[in-house]
Ligand SMILES: [Zn+2]
């Protein structure tokens, strides 16, 4: 039985007047991430890690930013699409690890709610998903509070 590893990365600008979606839940914060969809950088990183592990095309192939139908689409629906693609390709998820890089808000108080939501969407145990929060130590655009980025790695197993 073969295992396949995948990596994903995403970054979105913070913007006033947008809700902040991260890890499939809405966080209380004065700004939100800007983008065509709900701009959930963590879910987008996980989606690309899942698709990449199965050598499938990236998120932009399934959800082109130019498509008006995806305006403000929930990234949870995009994650479910990625799950369905890797399932059809003959894989199941062993585990997901991830990092959210944000100067604010703090990720730790929301970690378990995000893990529970992602576990539910991916139909895996909560113990198979982890999320760490990091700041950028005040450096660069993330450090200035202008953006939030996320990285994810996943391991798939052949069914
Ligand atoms: Zn994104």
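The values are calculated or read from the model by the stated rules, or taken from the named source; none is laboratory data. Just so we're clear, the structure is a prediction, and the values are computed from it rather than from any experiment. As a convention, Cβ positions derive from the backbone with ideal geometry for all residues, glycine included, and neighbour counts pool all protein chains shown.
Might you check whether a residue that is in contact (Cβ under 8 Å) with a residue 60 or more places away in the chain and near the ligand (Cβ under 9 Å from one of its atoms) occurs anywhere in the range 22-34? Yes, the range 22-34 contains a residue that is in contact (Cβ under 8 Å) with a residue 60 or more places away in the chain and near the ligand (Cβ under 9 Å from one of its atoms). Go through the residues of the range 2-23 one by one and say whether even a single one is at pLDDT below 95 and farther than 27 Å from residue 106 by Cα. There is at least one residue in the range 2-23 that is at pLDDT below 95 and farther than 27 Å from residue 106 by Cα.
Scanning the range 62-75 for residues that are surrounded by fewer than 19 Cβ atoms within 10 Å (Cβ to Cβ) and under 16 Å from the mean Cα position of the chain (by Cα) returns 62, 72, 73, 74. Here residue 51 meets the list (1) crowded, with 16+ Cβ neighbours inside 10 Å; (2) in a strand (DSSP E or B) almost entirely, failing just condition (2). Regarding residue 108, is this residue closer than 16 Å to residue 21 by Cα and more than 15 Å from the chain's Cα centre (by Cα)? Here the answer is yes, as residue 108 does meet what is asked. The number of residues in the range 24-48 being at pLDDT below 95, surrounded by fewer than 21 Cβ atoms within 10 Å (Cβ to Cβ) and closer than 27 Å to residue 91 by Cβ comes to 0.
Out of 132, 117, I need the residue that is part of a helix (DSSP H, G or I) and either modelled with pLDDT under 95 or under 15 Å from the mean Cα position of the chain (by Cα) (or both). Which one?
Numbers: 132 fails: part of a helix (DSSP H, G or I).
From the options 132, 117, the qualifying one is 117.
Remark: pairs (first residue in the range 72-90, within 17 Å of residue 155 (Cβ to Cβ) and in contact (Cβ under 8 Å) with a residue 24 or more places away in the chain; second residue within 16 Å of the ligand (Cβ to nearest atom) and assigned to a loop (DSSP other than H, G, I, E, B); Cβ separation under 9 Å; 6+ apart in sequence or on different chains) = 79/24; 79/40. When each of 57, 64 is tested for being closer than 30 Å to residue 144 by Cα, away from the ligand (no atom under 11 Å from the Cβ) and either in contact with a strand residue (DSSP E or B) (Cβ under 9 Å, 6 or more places away or on another chain) or in a loop (DSSP other than H, G, I, E, B) (or both), the lone residue that passes is 64.
Kindly provide the set of residues from the range 9-19 that are buried (at least 22 other Cβ atoms within 10 Å of the Cβ), more than 11 Å from the ligand (Cβ to nearest atom) and closer than 20 Å to residue 121 by Cβ, ordered by number. Result: no residue meets the conditions. Being surrounded by 17 or more Cβ atoms within 10 Å (Cβ to Cβ) and either away from the ligand (no atom under 14 Å from the Cβ) or at positive phi (or both) is a property that holds for residue 6.
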